[in-house]
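Please read the structure below before turning to the comments.
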Amino acid sequence: MMLSAALPANAETLADTMVAAYRHSALIEQNRAVLRAADEDVASAVAQLRPVVQWVLDHSIQHNESRPTTRSTSLSLGAELTLYDWGRSQLAIDSAKEQVLATRQALLGVEQDILLAAALAYFDVWEAKEQVALQQNSVEVLSRERQAAQDRFDVGEITVTDVALADAQLAATQAALAAAQGQLEVAREAYVAATGRRPQSINRPSSLPALPGSVDAARGIAQKTHPAILQAQRQAAAAELGVAAAAAERRPSLSANAGVGLTRGPDQLNNYDNRLGASVGLELSQTLYSGGRLPSAQRKSMAARDQARAALLNTSRQVSQQVGEFWANIGVARAQIRAIDQQISAAQQAYDGVREEALLGARTTLDVLDAEQSLLEARADKITAEVNLQLAHYQLLAAMGRLTVEHLNLGIPTYDPSQYYNAVRNAPNTTSKQGESLDRVLRAIGKGN
């Protein structure tokens with residue numbers, strides 16, 4: 001699906017706006033960092049299965065009235081490794097992976113929000129420009145009407161009241177023009193906030209995005225692809241693993257430890273010498289009684305699982321509702337446009353007829369102004385209806401989970417969430433190149449602040 005249109009070279013297309021918003025968004029950068037932090041949770045869980053090696057340097061001074069002050073120094077190197085914990089560590093790894101997948105879907109949801117906000121900013125600018133042009137045209141028309149009223153008054157065809165009515169209507173339209181120009185500036189500021197740049201020549205896209213054949217088909221797609229549903233599914237899976245992990249906490253744990261140390265201190269004759277020692281051992285342990293802490297943790301994990309399941313069902317229902325609402329909005333907007341087209345045609349015919357009749361003295365100036373106002377309102381309503389139709393299409397795409405850079409074929413490289421994950425999932429002992437690059441960016445930001 002390409003968001004392109006046959007527009008002048010300097011025109012700002014909707015695709016351009018979405019690309020700019022995607023590249024400009026700090027919210028996307030924020031959630032990418034959240035995802036990288038979730039990736040590190042997998043690395044932390046993997047590290048629990050690896051040995052922990054640490055050294056300790058100790059120096060002590062002892063003073064006793066019956067013997068002189070003695071000093072001792074020791075240096076030890078120890079290692080500890082969990083051999084078997086009845087699945088606790090593996091459950092933690094699996095749960096962390098599910099959270100990573102959930103966070104990836106959350107990032108896609110943010111991407112959809114950013115692109116939808118960009119579309120809204122684009123259509124707001126377009127609508128505001130159309131409304132300004134409409135009001136400017138109305139001011140020009142009413143200025144001519146006002147001059148015509150003055151000319152007719154000068155020859156005695158109408159009264160000063162008719163001229164005053166024309167003056168009032170012209171002033172009201174000038175006020176409406178000022179309001180429309182103000183709204184255009186507001187829309188431009190929103191566009192800058194969304195994309196980081198001022199809008200150029202904004203035009204309505206020449207075509208609407210393709211949609212499924214029925215609302216049921218759209219709902220089916222949404223249930224399979226919407227990021228919020230997929231995120232809730234992963235969170236429910238992680239909650240299930242949390243129940244198993246809580247149960248595993250009550251099982252034994254087998255670990256091995258080894259150490260080597262060097263101590264320098266006095267012996268029984270207060271002679272200082274160096275003593276080298278080493279140890280190795282196995283440890284099997286299990287909590288028999290925790291004061292109710294472990295059973296409470298297990299019950300809490302079961303409650304969290306029930307919460308995640310309910311959240312999944314609720315999210316699924318909300319997405320289905322949104323699809324139905326936006327599908328209905330599309331139908332409403334189309335019906336409104338058809339009706340407003342008929343209204344504009346009739347209002348234009350009425351306006352032309354009233355003006356002719358007014359020239360013949362069969363209609364008053366007020367009749368002409370009322371007809372012109374009705375035509376103006378109908379044209380303004382059509383602009384709003386066309387914007388609503390365009391926006392409803394993209395809102396429906398978002399509700400289906402398809403308002404993404406990849407699905408819209410925007411033609412730009414996207415963030416690869418697996419790149420950082422693959423670099424850290426095995427818990428490397430050194431910082432990755434991507435992490436070093438990120439550190440440089442963060443330092444630069446800090447200097448800029």
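What follows draws every value from the coordinates through simple rules; no lab data is involved. Computed from a predicted structure; not experimentally measured. Neighbour counts are summed over all protein chains in view; Cβ atoms, including those assigned to glycine, are modelled from backbone coordinates with ideal geometry.
Per-structure values
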{"read-out": "Residues Trp126, Trp55, Trp86 arranged by fewest to most Cβ contacts within 10 Å", "value": "Trp55, Trp86, Trp126"}
{"read-out": "Over 39 Å [Cα-Cα, the chain], rounded percent", "value": "52 percent"}
{"read-out": "Relative contact order [Cα under 8 Å, 6+ residues apart], region 300-407, whole percent", "value": "39 percent"}
{"read-out": "Relative packing of 399-412, 275-288, 156-169, which averages over residues the other C-beta atoms within 10 Å, highest first", "value": "399-412, 156-169, 275-288"}
{"read-out": "Local electrostatic count, Thr73, Cβ distance below 14 Å [Lys/Arg +1, Asp/Glu -1]", "value": "+1"}
{"read-out": "Expected 222 nm ellipticity per residue - DSSP helices of 4 or more, -39500 (n - 2.57), all of the chain, to 500", "value": "-24000 deg cm²/dmol"}
{"read-out": "Relative exposure of Tyr122, Tyr22, judged by other C-beta atoms within 10 Å (fewest first)", "value": "Tyr22, Tyr122"}
{"read-out": "Centre separation in Å (Cα based) which lies between region 160-238 and region 87-121", "value": "27 Å"}
{"read-out": "Chymotrypsin sites (Phe, Trp or Tyr not before Pro) restricted to region 282-383 and DSSP loop, no more than 11 other C-beta within 10 Å", "value": "Tyr289"}
